[in-house]
Amino acid sequence: MDVLIVGAGPTGLTLGIDLARRGVDALVVEAGEKLFAGSRGKGIQPRTQEVFDDLGVREALRAAGGPYPPQLFWKNGERLETRPIFDEVTADEGAPYTDPLMVAQWRTQEVLYARLLELGGRVGFGRTLTDLEQDAEGVTAHFADGTTARARYVVAADGGRSAVRRAVGVGMTGESVDPNPFLVADLRVRGLDRDHWHVFVGADGNGVALCPLAGTDDFQLGAKLPEGTEADLSLEGVRRLVSTYSHLDAADVTELRWASDFRPRAALADHFRVGRVFLAGDAAHVHSPAGGQGLNTSVQDAYNLGWKLAAVLAGDAPDALLDTYEEERRANAAAMLNLSTGVHRGEVRRGEATVQLGIGYRESSLSAETRADPGPVRAGDRAPDGRNADGVRMFDAFRGPHWTLLTPEPVDGIGGLPAPEAYGPGVFLVRPDGYVGWAGGTAEGLREYAARTGAFGVA
């Protein structure tokens, strides 16, 4: 096969979808017997919604989730105040999606899994990777059941305790974000409305928050526990926690569906590529859940890597293109880790800083800005939405696994579209992941750029 993806979380499934629509022979393997059943990551940021729009799943995710409710703070059984969880970000033609979407992680994975199967992709459950070895031609993966699999490339999407990362000897550098232990759980609760994210803070500064999970009958419990304590993940332990910090009785927690404990930390893998093995998602970076950056940064990893793997596998681009994955994504992940930590510590507000619409790759070796006086949209920037003079919407033009040429007139027989006026003057070649790869005042140099990136099928 071409690509073995280890891990069927949002990262692995997103990459599987992107490769499947490109005709790449890929297999996703998952150690569990089924998809993850919890709601650990529930926020779909606006930039990720744009990615999911391209992959054909945004509408299904909108149907599976909903908007975030405001936070309602309680004290001694009485309502204190209501606050929005996010600062408002104004939508415009270039950025039509600005509100984060809440979708329980298990619902997100169900939608992605269904789309993968629809495209002919495959997931092998109950496949626990134990080791791998690579050579000049490919990688051999070994599994706990004694079987092996051979692929030209392997992608680690198997989480913070990644077996693939350990197998290739990549370390992680990081720090503790908070000395307190935390608990997250999906449960059923009576006695609370579903129009608010209910927050109960104790005199010791610890407490619990109960957020109604959009599209479900569940609440997600997030709890900060006293330093030095151990989380009790049983139903009785969760009931005791809720009744201690809120006005609810223990019996008001009627069902515990899933629970996990963790200590918030920020860690970054020393490398994102080792030969034919790539690290993505939590295998490459571990975030505090504050700010909703972890899952979203992970999806962006997969979206960045998919088109590059496909171009090299097809022989359209040299292997050096794959080096730009680490170059672009590791720097981005480091920035997102700092952001997540800032949100956790109350130093950064959720809003414009967290929607990920400003992420770009201007400093990347893959970004070629050839104009002496660039306009508002430059090489390395996210290509904005909008309509050109012919009424063509850019996100419609970008949708699909192709490059898109925006030009006022044809270039050497290559067709293109005029850019919206908001882009400013120039010729723009938009990458398959929606970033401007090349920009020029004329088309001079475009052919050379296309040759090193695999951009031969420009639309």
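Only residues in the range 59-83 that are under 20 Å from Ala203 (Cβ atoms) count as the first member; pair them with residues that are of a type in the set (A, V, I, L, M) and outside any strand (DSSP E or B), Cβ under 8 angstrom, at least 6 apart or cross-chain, and list the lot.
Taking only residues 6 or more apart or on different chains, the pairs are Gln71/Ile85.
Just to be sure, is Arg194 in contact with a strand residue (DSSP E or B) (Cβ under 7 Å, 6 or more places away or on another chain), open to solvent by 70 Å² or more (accessible area, probe 1.4 Å) and under 24 Å from Lys42 (Cα atoms)? Break it down into steps so the answer makes sense when it comes.
Details: in contact with a strand residue (DSSP E or B) (Cβ under 7 Å, 6 or more places away or on another chain): yes; open to solvent by 70 Å² or more (accessible area, probe 1.4 Å): yes; under 24 Å from Lys42 (Cα atoms): yes.
In short, yes.
Only one of these conditions is not met by Phe395: (1) farther than 19 Å from Gly454 by Cα; (2) more than 25 Å from the chain's Cα centre (by Cα); (3) open to solvent by 10 Å² or more (accessible area, probe 1.4 Å). Which number is it?
(2)
Among the residues of the range 255-302, write down those that are of a type in the set (Lys, Arg) and either at pLDDT below 95 or touching a helix residue (DSSP H, G or I) at 6+ places or on another chain (Cβ under 6 Å) (or both).
Residues of the range 255-302 of a type in the set (Lys, Arg): 257, 263, 265, 273, 276.
Scanning the range 255-302 gives Arg263, Arg265, Arg273.
Scan the strands (runs of 3 or more DSSP E) fully inside the range 93-187 and keep the ones with 1 or more residues being small (Gly, Ala, Ser) and surrounded by fewer than 16 Cβ atoms within 10 Å (Cβ to Cβ). Explain how you work it out, then say what you get.
On the way: elements: 123-125, 129-134, 139-143, 148-151, 153-156, 172-176.
Correct list: 123-125, 172-176.
Mind counting the residues in the range 203-221 that are among the charged types (D, E, K, R) and open to solvent by 10 Å² or more (accessible area, probe 1.4 Å)? If you could, list the steps in order and put the result at the bottom.
Of the range 203-221, the ones among the charged types (D, E, K, R) are 204, 217-218.
From what is left, the residues that are open to solvent by 10 Å² or more (accessible area, probe 1.4 Å) are 204, 217.
So the answer is 2.
One line per residue, one yes/no per condition, for (1) open to solvent by 60 Å² or more (accessible area, probe 1.4 Å); (2) of a type in the set (D, E, K, R):
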| site | (1), (2) |
| --- | --- |
| Ala223 | no, no |
| Pro226 | no, no |
| Glu230 | yes, yes |
| Leu235 | no, no |
| Arg239 | no, yes |
| Ser243 | no, no |
| Ser246 | no, no |
| Arg257 | yes, yes |
| Asp261 | yes, yes |
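Collect the residues in the range 323-360 that are open to solvent by 50 Å² or more (accessible area, probe 1.4 Å), over 16 Å from Gly43 (Cβ atoms) and part of a loop (DSSP other than H, G, I, E, B), keeping them in residue-number order.
Arg345, Gly346, Glu347, Gly358 - these are the residues of the range 323-360 that are open to solvent by 50 Å² or more (accessible area, probe 1.4 Å), over 16 Å from Gly43 (Cβ atoms) and part of a loop (DSSP other than H, G, I, E, B).
Quick one: would you say Arg62 is in a helix (DSSP H, G or I) and either open to solvent by 30 Å² or more (accessible area, probe 1.4 Å) or modelled with pLDDT under 95 (or both)?
Values: in a helix (DSSP H, G or I): yes; either open to solvent by 30 Å² or more (accessible area, probe 1.4 Å) or modelled with pLDDT under 95 (or both): yes.
For Arg62, the condition - in a helix (DSSP H, G or I) and either open to solvent by 30 Å² or more (accessible area, probe 1.4 Å) or modelled with pLDDT under 95 (or both) - is met.
Which one is most open to solvent (accessible area, probe 1.4 Å) among residues in the range 16-43 that are within 16 Å of Ala114 (Cβ to Cβ) and not in a loop (DSSP other than H, G, I, E, B)?
Glu30
Which condition number does Phe200 fail, the rest of (1) open to solvent by 50 Å² or more (accessible area, probe 1.4 Å); (2) modelled with pLDDT of 95 or more; (3) farther than 30 Å from Arg127 by Cβ being met?
Phe200 satisfies all of (1) open to solvent by 50 Å² or more (accessible area, probe 1.4 Å); (2) modelled with pLDDT of 95 or more; (3) farther than 30 Å from Arg127 by Cβ except (1).
Being within 19 Å of the chain's Cα centre (by Cα) and small (Gly, Ala, Ser) is the filter here, so list the residues in the range 15-30 that pass it.
Correct list: Gly16, Ala20.
I'm checking my understanding of the structure. Among residues of the range 308-319 that are part of a helix (DSSP H, G or I) and open to solvent by less than 60 Å² (accessible area, probe 1.4 Å), which one is nearest to Arg152 (Cα to Cα)? Working first, answer last.
Filtering the range 308-319 down to residues part of a helix (DSSP H, G or I) leaves 308-313, 319.
So of that shortlist, the ones also open to solvent by less than 60 Å² (accessible area, probe 1.4 Å) come out as 308-313.
Details: Lys308: 14, Leu309: 10, Ala310: 12, Ala311: 13, Val312: 11, Leu313: 9 Å.
This residue is Leu313.
Would you check which residues across the range 415-442 are surrounded by fewer than 19 Cβ atoms within 10 Å (Cβ to Cβ) and either over 18 Å from Gly94 (Cα atoms) or at pLDDT below 90 (or both) and list them?
Those that are surrounded by fewer than 19 Cβ atoms within 10 Å (Cβ to Cβ) and either over 18 Å from Gly94 (Cα atoms) or at pLDDT below 90 (or both): Gly415, Gly441, Thr442.
Of all residues in the range 330-352, which are free of Cβ contacts under 8 Å to residues at least 40 places away in the same chain and within 27 Å of Trp438 (Cα to Cα)?
Matches in the range 330-352: Ala331, Asn332, Ala335.
The values are calculated or read from the model by the stated rules, or taken from the named source; none is laboratory data. This one's a predicted model, so the numbers in the text were calculated from it and none came from an experiment. Heads up, the Cβs are rebuilt from the backbone with ideal geometry, glycines too, and the neighbour counts pull from every protein chain shown. For the accessible areas, the whole protein counts, side chains as well, though only heavy atoms, and no ligand, DNA or RNA atoms are used. Shrake-Rupley method; radii C 1.70, N 1.55, O 1.52, S 1.80 Å.
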